[in-house]
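Here's the structure, in structure tokens; my notes come after.
The values are calculated or read from the model by the stated rules, or taken from the named source; none is laboratory data. Predicted model only: the values in this text are computed from it and were never measured. Cβ placement follows ideal geometry from the backbone for every residue including glycine, while neighbour counts extend to all protein chains displayed. Just the protein is used for accessible areas: all its heavy atoms, side chains included, with ligands, DNA and RNA removed. Shrake-Rupley method; radii C 1.70, N 1.55, O 1.52, S 1.80 Å.
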Amino acid sequence: MTTLPQTSTDHRPPLWAALAITILPVVAASIAGSAATVPQIPTWYAGLVKPPFNPPNWIFAPVWTALYALMALAVFRILRLPVGTPGRRRALLVYHLQLLFNIGWSFAFFGANSPVAGLAVILPLLVLIVATIAAFRPLDRLASNLLWPYLAWVAFATLLNASIWWLNR
């Protein structure tokens, strides 16, 4: 009796691959964003006029750490869906595109010392976050819901970015 190898109809990526695809881009975004941001905090950013609702500098690191963790959990849930799941590929594409814009904002605002460039990046970022939430929703409601705090924070950051631009134009 010959035993044929079992074939899986599930076709999920291996757990290690899903974890790598989840964690590495988020860590890269965090490191790249910090590299563009941190050197500018005591110099350029300190010299800007800021609105009264500007949070203290120390709040940004823990907030972003929590948001990146929520983003990673959300995308992990989508990555663990079977590969052929309708909408999965598009959801992952939109997610990673918004992550690129997330990184781009740090380089535009802080790296280029330009609130107007920051606005040019953060506005499409907002749209891409909404698109990611919408793409995740039919696939995994919890994954979609995990991104709402991120959207809220980026909406607040957009208001802050616009206010800094206005006050320093």
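Listed values, structure above:
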quantity	calculated
Selection from the range 108-122 of residues that are part of a helix (DSSP H, G or I) and either open to solvent by less than 40 Å² (accessible area, probe 1.4 Å) or under 30 Å from Arg88 (Cβ atoms) (or both)	Ala108, Phe109, Phe110, Pro115, Ala117, Gly118, Leu119, Val121, Ile122
Within the range 56-71, tally of residues that are open to solvent by 40 Å² or more (accessible area, probe 1.4 Å) and either assigned to a helix (DSSP H, G or I) or closer than 30 Å to Phe136 by Cα (or both)	11
The lone exception for Ala46 - which of (1) open to solvent by less than 50 Å² (accessible area, probe 1.4 Å); (2) in a helix (DSSP H, G or I); (3) in contact with a helix residue (DSSP H, G or I) (Cβ under 9 Å, 6 or more places away or on another chain) it fails	(1)
From the options Leu92, Leu99, residue that is closer than 25 Å to Ala162 by Cα and at pLDDT 95 or above	Leu99
Filter pass, Leu125 being open to solvent by 20 Å² or more (accessible area, probe 1.4 Å) and under 16 Å from the mean Cα position of the chain (by Cα)	no
Among (1) over 28 Å from Pro42 (Cα atoms); (2) touching a residue at least 24 places away in the same chain (Cβ under 8 Å) - the single one Leu93 does not satisfy	(2)
Matching residues, the range 12-27, being closer than 24 Å to Ile122 by Cα and either in contact with a Pro (Cβ under 6 Å, 6 or more places away or on another chain) or in contact (Cβ under 8 Å) with a residue 60 or more places away in the chain (or both)	Pro25, Val26
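A quick yes/no check of all residues on (1) open to solvent by less than 50 Å² (accessible area, probe 1.4 Å); (2) in a helix (DSSP H, G or I); (3) hydrophobic (A, V, I, L, M, F, W, C):
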| residue | (1), (2), (3) |
| --- | --- |
| Lys50 | no, no, no |
| Asn54 | yes, no, no |
| Leu73 | no, yes, yes |
| Val83 | no, no, yes |
| Arg90 | no, yes, no |
| His96 | no, yes, no |
| Ile103 | yes, yes, yes |
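Results for (1) open to solvent by less than 20 Å² (accessible area, probe 1.4 Å); (2) modelled with pLDDT of 95 or more; (3) not aromatic (Phe, Trp, Tyr), shown as yes or no for each residue.
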| position | (1), (2), (3) |
| --- | --- |
| Leu139 | no, yes, yes |
| Leu146 | no, yes, yes |
| Tyr150 | yes, yes, no |
| Trp153 | no, yes, no |
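Condition check ((1) modelled with pLDDT of 95 or more; (2) among the hydrophobic types (A, V, I, L, M, F, W, C); (3) more than 30 Å from Ile164 (Cβ to Cβ)) across all residues:
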residue: Thr2; (1), (2), (3): no, no, yes
residue: Gln6; (1), (2), (3): no, no, yes
residue: Arg12; (1), (2), (3): no, no, yes
residue: Ala20; (1), (2), (3): no, yes, yes
residue: Leu24; (1), (2), (3): no, yes, yes
residue: Ser30; (1), (2), (3): no, no, no
residue: Trp44; (1), (2), (3): yes, yes, no
residue: Gly47; (1), (2), (3): yes, no, no
